[in-house]
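Peer 1: Structure provided below as structure tokens; questions to follow.
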Amino acid sequence: MAMPKQVNVTQPRARKPVVSIGRSMSKAILPLKAAPPKRDPNVRNPPSASHRILLSCPAKMTATKHDRNAWFKGGIANCQVTLAPGARAYRMVLLGAPGVGKGTQAELISERLGPCQLSTGDVFRAAKTLDPSERTPALTAALDFMKRGELVPDETVIGIVRERPNCLRCPGGFLLDGFPRTAHQAEALDAMLKDLSMKLDAVLSYDLPIDQIVSRLSGRRTCGGCKAVYHVTTKPPKVADVCDACGGKLIVREDDRPEAIRVRMEAYEKSTAPLANYYRKRGLLVSIAAEGSPEDIYKRTAAALTARP
Ligand code: AMP
């Protein structure tokens, strides 16, 4: 099994921080307010504050959040990681129905094996916090699809991933969480990776009976601040409705409401479930039972990865 990595991180490049959608839309749509950090010319590749935390404490969640934050910002994401000797960079896709625990596994895999977690759903959720005047029509429409539990149109989502090649190029690897979700997105990902002369190492497919999925989704609570995820029975916060990590208020995601859950499950069955076959035919599919605790599921995941050539 690979060793944890993250030993050297370069500063983000001093570019205008923007998030945009799709090549077809030439104007940048989400100007971000934060100015790029000033670089000390006397210091070579200083690690950012949150990565300094990571260097001293690899299990700290903050560092994973920081990587994901770079993913949100798209254009300025330039998280370069040097692998520890003997470690390998995993480039993987996570598949599985909503609520199967992909996000939790993504965090564990990211902390322990190093690939950056790249969640398209998180990009949309981050965009939701912007003032409506800062969103393009495509993004506003995307958020409406999301609210109803429907899939966002392919071109919008593909555009988001395509505009973040630095995240796909990360020497530490990547973990695509929630993308691809349709055959068209899978083909687009193949083309993007071909352009970057890269290949996927594995597609992890998490399987769980439907009744357990519904129970997980309806009990899920998410921190409105740092996005940490809890569950009312299996992972409750110390104080009801308050985030242990940042003190933020815990909320039910709009798409975790019962009516949206039904729509999401239908969308999954119709569009995403067939992707398992797509990747099975390419010899990439690794099926993992998603029952038990996150740690049990992680152990199965790690064992399955170790067993692969
Ligand atoms: P997730 O957090 O991955 O469950 O995504 C939340 C919501 O964002 C989904 O229910 C969709 O509305 C939207 N979304 C995220 N990723 C995609 C994708 N690859 N294709 C279409 N819609 C997506």
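Just so you know, all these numbers are worked out from the coordinates, no wet-lab data involved. Every value quoted in this text rests on a predicted model; they were computed, and no experiment measured them. Heads up, the Cβs are rebuilt from the backbone with ideal geometry, glycines too, and the neighbour counts pull from every protein chain shown.
Peer 1: From the phi angles alone, apply the Karplus equation (6.51, -1.76, 1.60; θ = phi - 60°) to the range 296-304 and give each ³J(HN,Hα) in whole Hz, x where the residue is Gly or Pro.
Peer 2: 4, 5, 4, 4, 4, 4, 4, 5, 5
Peer 1: In addition: Using Cα pairs closer than 8 Å and at least 6 residues apart in sequence, work out the relative contact order for the range 178-309, in percent.
Peer 2: Working: 127 pairs, mean separation 40.5, N = 132.
Value for the range 178-309: 31 percent.
Peer 1: Could you state the number of Å between the C-alpha centres of the range 182-214 and the range 271-302?
Peer 2: Here the answer is 10 Å between Cα centres.
Peer 1: Next question. Which of rounded, prolate, oblate describes the range 194-241, given a ≥ b ≥ c as roots of the alpha-carbon gyration tensor eigenvalues and a/c under 1.5 marking rounded, otherwise prolate only if a/b is larger than b/c?
Peer 2: Working: a/c = 4.02, a/b = 1.77, b/c = 2.27.
In terms of gyration-tensor shape, oblate.
Peer 1: For residue 232, what charge total do you get from the other residues with a beta carbon under 11 Å from its beta carbon, if Lys and Arg give +1 and Asp and Glu give -1? Don't jump to the answer; show the numbers that get you there.
Peer 2: Working: positive: 216, 220, 221, 235; negative: 241.
Around residue 232, the surrounding residues sum to +3.
Peer 1: To continue, here is another question. How much net charge surrounds residue 146 when only other residues with a Cβ under 11 Å from its Cβ are counted (Lys, Arg +1; Asp, Glu -1)?
Peer 2: On the way: positive: 125, 128, 147, 148, 253, 264; negative: 144, 150, 254, 255.
Surrounding charge for residue 146 is +2.
Peer 1: Okay, next question. Which aspartates and glutamates does residue 299 reach when only Cα atoms under 13 Å apart count, and residues fewer than 8 places away in its own chain are ignored?
Peer 2: Hits, sequence-local ones excluded: 291.
Peer 1: Let me ask another. Pairs to check: 147/194; 147/270; 102/147; 147/235; 102/235. Give those whose C-alpha atoms are more than 22 Å from each other in this structure.
Peer 2: Numbers: 147/194 33 Å; 147/270 19 Å; 102/147 20 Å; 147/235 25 Å; 102/235 15 Å.
Check vs 22 Å cut-off fails for 147/194; 147/235.
Peer 1: Length gain on complete extension for the stretch residue 308 to residue 266, per 0.36 nm per residue less the alpha carbon to alpha carbon distance?
Peer 2: Numbers: separation 42, 0.36 × 42 = 15.12 nm, distance 3.20 nm.
Answer, rounded to one decimal: 11.9 nm.
Peer 1: Name the residue farthest towards the positive end of the dipole of the range 258-309 from the options 278, 265, 298, assuming +1 on Cβ of Lys and Arg, -1 on Cβ of Asp and Glu, about the Cα centre.
Peer 2: Among 278, 265, 298, the one farthest towards the positive end of the dipole of the range 258-309 is 278.
Peer 1: Taking the mean number of other Cβ atoms within 10 Å as a proxy for protection, how do you rank 226-239, 92-105, 148-161 from highest to lowest?
Peer 2: Values: 226-239: 14.6, 92-105: 23.9, 148-161: 20.1.
In descending order of packing, they fall as 92-105, 148-161, 226-239.
Peer 1: With +1 on the Cβ of every Lys and Arg and -1 on the Cβ of every Asp and Glu, and nothing else charged, how large is the dipole of the range 127-282 about its Cα centre, in debye rounded to the nearest 20? Walk me through the numbers before you get to the answer.
Peer 2: On the way: 25 positive and 22 negative charges, 73 e Å.
My answer is approximately 340 debye.
Peer 1: Using θ = phi - 60° and the Karplus relation 6.51 cos²θ - 1.76 cosθ + 1.60, list the HN-Hα couplings for the range 100-116 in order, rounded to whole Hz, with x at every Gly or Pro.
Peer 2: Ordered by residue, 3J(HN,Hα) equals 7, x, 4, x, 5, 5, 4, 5, 5, 5, 5, 5, 9, 10, x, x, 6 Hz.
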